[in-house]
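The values are calculated or read from the model by the stated rules, or taken from the named source; none is laboratory data. All of these numbers come straight from a predicted model, not from anything done at the bench. Neighbour counts are summed over all protein chains in view; Cβ atoms, including those assigned to glycine, are modelled from backbone coordinates with ideal geometry.
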């Protein structure tokens, strides 16, 4: 199982526990905005350009707000299911390369958004000396 797959499952579980109103480490975002960001990135890549290009931020924000009316459990289910068949992130190699670090970082953004968080135990399913970072490549 890839880092992306493990983190997607763990992050989805954390969203289930947190609900939409939990603060995150992402400035100004609650869990609902963080989840919407991840869903737009995987499910509406044409609308995600505003993540990197400020001039297109309104397009991305509009797409993120499009998830507001969907029940929380359904939104979390979409993340848990992974990228849809037509998404550029769907192929396992692309998902592993593009989403491992993204999902790990945002998992920690959600976990650490409130006081009292605890470090996670070592990931027993990660093998090799690099453990959780086994998908990382040297610069």
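Elements of the type helices (runs of 4 or more DSSP H) sitting completely within the stretch 38-112 and holding at least 3 residues that are more than 24 Å from residue 27 (Cβ to Cβ) and touching a helix residue (DSSP H, G or I) at 6+ places or on another chain (Cβ under 9 Å): these cover 72-81, 92-111.
Note on the stretch 34-58: residues that are over 30 Å from residue 122 (Cβ atoms) and touching a residue at least 12 places away in the same chain (Cβ under 8 Å) total 8. Scan the stretch 25-34 and give yes if some residue there is at positive phi and either surrounded by 14 or more Cβ atoms within 10 Å (Cβ to Cβ) or modelled with pLDDT under 95 (or both), otherwise no. Within the stretch 25-34, one or more residues are at positive phi and either surrounded by 14 or more Cβ atoms within 10 Å (Cβ to Cβ) or modelled with pLDDT under 95 (or both). Total residues in the stretch 80-97 satisfying the condition of being within 14 Å of the chain's Cα centre (by Cα) and free of Cβ contacts under 8 Å to residues at least 24 places away in the same chain: the figure is 1. Checked against (1) farther than 18 Å from residue 11 by Cα; (2) modelled with pLDDT under 95, residue 133 passes all but a single condition, namely (1).
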